[in-house]
Amino acid sequence: MPQTAWHSLETDEVLQQLASAVSGLSAETATKRLAEHGQNIIPEKQQATLLNIVLRQFTDFMIIVLLLAALISGFIGEAQDSIVILVIVLLNAVIGAVQEFRAEAAVAALRQMAAPKAQVLRDGRTVTLPAAELVPGDIVLLEAGNIVPADLRLLKAEELQADESALTGESQAVEKQTASLAGAELPLGDRDNLVFKSSLITRGRGSGVVIACGPDSEIGKIAEMLQAEARVKTPLQQRLSRFGRYLALAVLAICVIVFSAGLLQGQPALLMFLTAVSLAVAAIPEALPAVVTISLALGARKLIHQNALVRNLPAVETLGSVTYICTDKTGTLTQNHMSVELYYAGGKRLDALPGPRGGEEFAELGMAIAMNNDVVEKDGKPAGEPTELALFEAARLSAFNKTELEQAWPRVAVIPFDSDRKQMTTLHQSDDGVTAYIKGAPERLLQHCAQCLCDNELAAFNAASVMSEVEQLASEGYRVLAFAKREFASLPRSLDAEVIETELTFLGLVALIDPPRPEVPQAVADCLAAGITPVMITGDHAGTAMAIARRLGISDDSHALLTGEKLEKLSDDEFARQVESIRVYARVTPQQKLRIVSALQAKGEFVAMTGDGVNDAPALKRAGIGVAMGKKGTDVAREASDMVLLDDDFSTIVHAVKAGRRIFDNIRKFIKYTMSSNSGEIWTLFLAPFLGLPIPLLPIHILWINLVTDGLPGLALTAEPAESGIMQRAPRPPDENIFAHGMWQHIVWVGLFIGGISIAAMAWAISRDAAYWQTVVFTVLTVSQLFHSLAVRGESQSLFGSGLFSNMPMLGAVLLTLLLQIAVIYLPVFNEIFHTQPLPLFDLAVCLVVSSLVLLAVEFEKWLVRKGLIYVA
């Protein structure tokens with residue numbers, strides 16, 4: 001159907017355009033329209049086959065390189081190496097395939113939210129139908145507790161309120177009315193003559209005509225956005241993809257150079273081919289996917305204990321790269337329930353009411369709050385509309401118990417709230433007569449006040465002064481209600497509002513707000529210290545949003561606020577120029593949330609999006625990492641997210657950021673370690689022939705070194721604790737090379753150093769005519785890499801400062817690998833397989849001392865970094 005501004009039309013115009021009537025559609029017309037428009041359900045996207053999903057997991061460049069390495073390993077007779085690589089690749093494929101089903105689950109959760117049944121007028125009679133059979137033009141009846149079955153333009157509204165927080169982000173229930181509204185482009189939250197599919201009717205009753213069904217409804221549009229929105233690659237995935245491409249080219253070059261150098265020296269072609277291929281296989285860190293997977297899995301396991309459930313493993317590392325956190329306000333930064341925070345009575349503000357004995361003006365205000373209230377207690381638990389519950393709880397905490405008060409002053413009549421008067425009155429019988437308590441919008445109620453209670457006495461009422469206080473409270477983000485009373489000798493014959501609600505005595509003001517979570521200000525401060533910019537995105541009003549932002553420390557600059565209405569008018573170029581200076585967005589639509597996230601990503605920012613509502617789901621999916629709330633979040637938001645905060649605690653994100661940074665640091669340490677080690681092997685094989693020395697290693701030596709040094713010590717780096725100051729540094733740019741901050745320089749010089757000491761040990765052994773010279777170079781290459789694994793545990797922190805025992809898995813891995821190497825040297829069964837010979841104890845000691853020079857050299861490098869004598873960019 002064409003887009004129509006239904007909210008701007010009168011009810012008779014709406015019915016006319018939809019060819020409907022207040023008595024509803026005929027069954028015949030409804031059947032035709034059902035055939036024309038389809039069912040009122042969210043359509044499913046055609047799902048990929050299991051085969052397609054599995055095959056997609058093998059398209060990553062690094063995975064292709066590993067598969068080629070497995071093929072080559074099998075070709076040269078190293079079946080064990082082939083099997084190890086294939087197991088790693090298959091494990092990653094399984095993990096990837098599982099993640100493919102998550103987007104479909106998000107749409108399925110949306111479908112679950114749909115109302116199963118609806119009360120509809122057909123042929124002038126009320127019938128109950130499956131919500132899926134609704135069509136445009138149907139007249140739907142609504143009452144408290146109903147889930148709205150389709151988008152409706154209201155025809156009748158009697159004290160009608162709807163909870164639309166999951167869709168619009170507005171924390172309090174919205175009062176509904178039927179009059180037309182000016183402005184075709186009003187935000188969803190301001191279209192108070194419409195109700196939307198899957199929102200909840202919390203109060204009153206009414207009826208409306210269906211204006212949009214299924215995919216045309218607002219929630220249907222969100223489902224369509226979820227299906228269409230592609231998930232972006234994480235920084236780690238992007239970096240590893242680049243790393244894989246560079247590595248493949250380097251490996252090819254190494255094969256050609258080593259093979260050519262051997263032939264020029266007169267070595268047998270077959271031996272040189274096997275050596276070059278073995279070296280190429282060794283140069284590929286096949287343990288890298290396993291290290292990444294284990295690092296992420298261990299990180300996810302630890303985060304569970306900190307109430308963060310990781311649904312997408314790469315998300316653990318991703319948080320360490322986040323530069324912006326775009327957070328929903330309602331239920332994320334705030335508690336998602338209204339609470340009374342301030343009172344104004346007797347000309348002054350109060351944080352709490354003194355109680356019944358605190359003075360007449362305070363006692364009267366407390367009684368008015370308690371008794372002008374429709375909350376009822378069922379099995380000792382209060383039930384009612386959110387604002388009423390907040391007032392009930394505030395009165396109870398100040399010792400004004402509604403049940404006890406009504407026993408002494410029973411309610412004898414009520415004038416219900418309506419959207420025209422914006423007031424509610426209850427009348428209570430006492431021995432002295434009847435007291436009417438009135439509450440309502442200050443701009444209406446204050447007009448009817450003639451006097452006020454001040455210092456326990458009646459005084460002239462200054463409406464302008466009180467209205468100034470109302471405006472000040474509103475600017476601070478509060479929702480303000482005014483309370484007044486009027487005394488009657490007996491119950492008036494006429495309960496007309498115009499008679500009762502005049503000549504009132506003003507009692508005071510009550511300021512309500514959806515309060516910030518107490519732990520959030522510190523979490524925001526921690527984010528800022530870590531170089532992460534928090535941005536609030538909400539469907540709530542600008543004043544409320546800015547007030548909460550000030551209290552949380554997000555921003556106190558009014559120029560950092562942008563409303564959805566103003567955002568709609570900005571071109572993409574204009575918005576791009578402003579996006580990095582905006583800290584608060586108010587009255588935004590789901591489509592605009594998506595636009596905000598995309599604009600930041602276009603600026604090179606890596607964006608995390610937190611939220612709990614249906615309206616957050618598309619942006620959660622589009623963001624680099626989506627973080628949903630576990631307690632108050634909707635299923636849709638959880639299914640679209642990468643991580644769920646089980647305690648709905650924003651501060652949990654700070655723990656997750658720290659975990660993400662630690663994991664990325666440890667992955668970098670593994671790459672630094674393994675590539676330095678591999679480059680040491682390459683330099684040894686490459687330089688020895690040019691120095692007139694024989695080929696230092698056999699293919700089986702290369703594969704053994706690769707297996708034992710990349711294996712256990714490499715995996716043990718995943719258990720390395722976080723370095724000090726990890727949360728005081730800026731996030732790494734998402735496009736930053738994984739070899740940045742001096743890593744490639746380290747790989748080159750450490751590789752040359754390891755190659756140098758290996759060749760030196762080899763030359764020393766040959767000069768002594770030792771038949772076991774190849775075992776010497778084999779041992780030095782292996783053990784020097786073990787010492788290097790200890791040295792790279794800290795980026796700049798000394799091993800002697802962090803302690804040898806702070807990573808017990810690493811210490812155990814190094815000792816076990818050393819024992820395996822000694823077994824290869826001294827056990828006859830391994831001598832035959834690996835072509836080794838037992839070393840004299842003196843020679844073994846020389847190998848160990850020479851190998852330890854790597855640890856001392858890297859520690860000296862870190863000392864220079866700490867002293868600022870060398871700079872790692």
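Quick notes on this one:
- Residues residue 16 and residue 464, FRET efficiency given R0 of 60 Å [Cβ-Cβ distance, rounded to 0.05]: 0.85
- Seen from a random direction on average, the alpha-carbon convex hull of the chain projects onto 45.1 square nanometres.
- According to the calculation over all Cα-Cα pairs in region 724-784, the P(r) per 5 Å bin from zero is 4, 16, 16, 14, 11, 9, 9, 8, 6, 5, 3, 0 %.
- Restricting attention to the chain, close to 75% of DSSP beta bridges with both partner residues there are antiparallel.
- Translational D in µm²/s for region 741-838 (Stokes-Einstein at 4 °C, 1.567 mPa s, Kirkwood Rh from C-alpha pairs): 85 µm²/s
- Dimensionless Rg/Rh of region 290-383 - Kirkwood Rh, Rg from C-alpha atoms: 1.30
- Area of residue 329 that stays accessible when all protein chains are in place (1.4 Å probe, Å², to 10): 0 Å²
- The calculated 222 nm mean residue ellipticity attributable to helices in the chain amounts to -15000 deg cm²/dmol, summing -39500 (n - 2.57) over DSSP H runs of n ≥ 4 and dividing by all residues.
- For the chain, the longest principal axis of the Cα atoms and the long axis of helix 386-397 meet at an angle of about 80 degrees.
- Tail weight of P(r) past 21 Å, computed on alpha-carbon pairs of region 364-479, percent: 45 percent
- Across 349, 205, the residue with the most accessible area heads the list, and the full order at a 1.4 Å probe is 205, 349.
- As a length-normalised measure over Cα pairs under 8 Å and 6 or more apart, the relative contact order of region 547-662 settles at 16 percent.
- C-alpha long axis of helix 520-529 to longest principal axis of the chain, angle in °: 40 degrees
- Label-to-label distance, residue 67 versus residue 503, with points set 7 angstrom from Cα along the beta-carbon direction: 9.0 nm.
- Centre-to-centre separation between the Cα atoms of region 488-545 and those of region 653-728: 57 Å.
- Reachable lysines from residue 485, criterion Cα separation under 24 angstrom, eight or more residues apart if same chain: 348, 402, 422, 439
- Region 683-789, relative contact order in percent, only Cα pairs under 8 angstrom and at least six apart counted: 41 percent
- Available extension along the chain between residue 39 and residue 396 is 123.7 nm, counting 0.36 nm per residue and deducting the alpha carbon span.
- When 832, 158 are compared by accessible area at a 1.4 angstrom probe, the order from most to least is 832, 158.
- Members of 381/593; 329/621; 156/197; 603/658; 156/381 lying beyond 27 Å, as alpha-carbon distances in this model show: 381/593; 156/381
- Pairs of alpha carbons in region 669-827 whose separation is greater than 28 Å (percent): 26 percent
- Angstrom value of the Kirkwood radius, inverse mean 1/r, which spans all Cα pairs in region 826-873: 13.7 Å
- The solvent-accessible area of residue 757, taken with every protein chain present and a 1.4 Å probe, is close to 20 Å².
- Aspartates and glutamates whose Cα lies under 13 Å from that of residue 631, excluding same-chain neighbours fewer than 8 positions away: 612, 647, 648, 649
- Pair-distance profile P(r), taking every C-alpha pair of region 585-704, with 10 angstrom steps and integer %: 12, 27, 20, 11, 13, 12, 5, 0
- The angle between the Cα long axis of helix 808-826 and the main principal axis of the chain comes to about 20°, on a 0 to 90 degree scale.
- Under the Debye formula (equal points on every Cα, no solvent term), log10 I(q)/I(0) of region 786-847 at q = 0.19 Å⁻¹: -0.79
- Placing 782, 29, 128 in order of accessible area, with the largest value first and a 1.4 Å probe, yields 128, 29, 782.
- Other residues lying with their Cβ under 11 Å from the Cβ of residue 386 contribute a combined charge of -3, Lys and Arg counting +1, Asp and Glu -1.
- Computed extension gain for residue 744 through residue 23, at 0.36 nm per residue and net of the alpha carbon distance, reaches 251.9 nm.
The values are calculated or read from the model by the stated rules, or taken from the named source; none is laboratory data. Not measured: the values here are computed from a predicted model. All Cβ positions, even for glycine, are placed from backbone atoms using ideal geometry, and neighbour counts span all protein chains on display. Only protein heavy atoms, including side chains, enter the accessible area calculation; ligands, DNA and RNA are left aside. Shrake-Rupley method; radii C 1.70, N 1.55, O 1.52, S 1.80 Å.
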